[in-house]
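Data first, discussion second: the structure below is written as structure tokens.
The values are calculated or read from the model by the stated rules, or taken from the named source; none is laboratory data. Predicted model, so just to flag it, every value in this text is computed and none were measured. Here the Cβ positions follow ideal geometry from the backbone for every residue, glycine too, while neighbour counts run over all protein chains shown.
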Amino acid sequence: MFLASSTKPIDSNLSAVVEQIEKQNPGLSVLAARQFRCAKRQTPLEVTISEPRKFNVLEEFILRACIEFEPPPTLKELADLLGLDEVFVKTTATTLVSLDILEESGMGKIAIAPGGQDFCDLGAVNRSQIQSIYAISDPLNQTLTFKLDPLRAENIDLPDLADVILIEDKIADIANLSITEIQPLIENSGLGIHIPADGKLVTKCDVIGDDLNIWQSLSIFVLFDAIENKTTIQVREGKQILETASNLLNELQAQAKISLNDFSKGTENVVVQEAKIIANPQKKKQASKQKPKKNELKKK
């Protein structure tokens with residue numbers, strides 16, 4: 001028989017989750033369940049995104065004229081040929097010059113700039129835009145991810161997990177990472193702003209503000225498996241089981257750097273005592289199964 005939840009150090013708002021865990025996992029008992037708060041570090045960033053765009057009709061005509069006409073045409077000649085106001089042609093040509101695709105060769109003439117032929121062959125030019133994003137450093141889960149929107153800052157009135165265990169932050173400061181180290185992290189975060197296969201690239205990343213600690217609530221469960229006679233720690237964020245965080249806490253517990261009683265609301269040795277109470281009936285059952293065998297040997 002497992003102990004009633006009312007006798008265990010279980011936060012009242014986790015009772016329903018505890019009941020569900022024990023119902024879905026025969027042989028598993030929740031010895032303790034508590035909520036804590038844990039900080040994630042949020043850093044505001046500004047990234048430069050470069051992506052290709054196709055030339056419009058006027059740009060494409062100007063480029064073809066510069067390649068095919070000999071000698072190169074003047075802007076006025078192109079305007080007259082197209083029947084357009086010279087202002088429109090000049091504005092478009094100025095854009096292509098700023099992108100290092102065209103160059104002015106004097107006397108109002110324009111020509112393909114060195115390297116501009118490559119863009120002509122591709123039929124596209126790179127355009128840049130600035131985007132604000134946020135780096136989220138999570139020491140407990142040992143992750144560095146990126147989001148388009150900031151995490152919601154809340155006042156969470158829960159015990160600080162850092163007061164129970166020492167969480168070593170092994171994640172590098174974003175300001176110390178190179179752009180080549182940042183790019184795959186942004187790609188894996190699924191923001192859609194760095195997609196090398198489509199030619200869309202984050203080419204620059206700058207920190208534009210101070211780090212901010214954002215509190216998140218976590219649930220920590222101490223679980224006893226009566227079949228395996230084993231106690232483990234499980235960390236959850238909402239309904240999601242955090243495997244990395246759970247493994248970290250179990251490793252710290254195995255190294256005696258934390259105690260299971262750290263999650264028992266200060267009740268001395270309550271988790272250890274409950275584990276023994278639950279385990280003893282299992283041992284008695286195993287022993288009782290062995291007794292008939294001894295009696296049978298005596299009869300023989």
Under 30 Å from SER219 (Cβ atoms), in a strand (DSSP E or B), among the aliphatic types (A, V, I, L, M) and within 38 Å of the chain's Cα centre (by Cα): does that describe ALA16? no
Return yes when PRO150 is closer than 26 Å to THR95 by Cα and assigned to a loop (DSSP other than H, G, I, E, B) and no when it is not. no
Is it the case, given these coordinates, that SER105 is farther than 30 Å from ASN188 by Cα, in contact with a strand residue (DSSP E or B) (Cβ under 9 Å, 6 or more places away or on another chain) and of a type in the set (Ser, Thr, Tyr)? yes
Candidate set: the range 219-245, residues that are surrounded by fewer than 16 Cβ atoms within 10 Å (Cβ to Cβ) and of a type in the set (A, V, I, L, M, F, W, C); chosen: the one farthest from the chain's Cα centre (by Cα): ILE227
Given PRO52, PRO114, which one is under 48 Å from the mean Cα position of the chain (by Cα) and either within 30 Å of LEU158 (Cα to Cα) or assigned to a loop (DSSP other than H, G, I, E, B) (or both)? PRO114
Could you check, for the range 166-186, whether at least one of its residues is in a strand (DSSP E or B) and closer than 30 Å to VAL125 by Cβ? no
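Table: residues versus (1) assigned by TED's automatic domain parsing to the domain that holds SER259; (2) more than 30 Å from ILE10 (Cα to Cα); (3) among the aliphatic types (A, V, I, L, M).
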{"residue": "ILE174", "(1), (2), (3)": "yes, yes, yes"}
{"residue": "ASN188", "(1), (2), (3)": "yes, yes, no"}
{"residue": "GLY192", "(1), (2), (3)": "yes, yes, no"}
{"residue": "LEU201", "(1), (2), (3)": "yes, yes, yes"}
{"residue": "LEU218", "(1), (2), (3)": "yes, no, yes"}
{"residue": "THR231", "(1), (2), (3)": "yes, no, no"}
{"residue": "ARG236", "(1), (2), (3)": "yes, no, no"}
{"residue": "ILE241", "(1), (2), (3)": "yes, no, yes"}
Any residue in the range 22-37 that is more than 30 Å from ASN213 (Cα to Cα) sitting within a Cβ distance under 6 Å of a residue that is outside any strand (DSSP E or B) and of a type in the set (Phe, Trp, Tyr)? List the pairs, counting only those 6 or more apart or interchain. SER29/PHE2
Considering every residue within the range 108-119, establish whether at least one is within 30 Å of GLY199 (Cβ to Cβ), surrounded by fewer than 16 Cβ atoms within 10 Å (Cβ to Cβ), touching a Pro at 6+ places or on another chain (Cβ under 9 Å) and at pLDDT below 90. no
Considering only residues that are surrounded by fewer than 16 Cβ atoms within 10 Å (Cβ to Cβ), under 30 Å from LEU177 (Cα atoms) and either among the charged types (D, E, K, R) or touching a helix residue (DSSP H, G or I) at 6+ places or on another chain (Cβ under 7 Å) (or both), which ones fall in the range 15-51? GLU46
What do you reckon, is LYS54 surrounded by fewer than 14 Cβ atoms within 10 Å (Cβ to Cβ) and farther than 30 Å from ASP210 by Cα? yes
Among the numbered conditions (1) closer than 21 Å to LEU252 by Cα; (2) at pLDDT 95 or above; (3) of a type outside the set (Asp, Glu), tell me where LEU191 comes up short. (1)
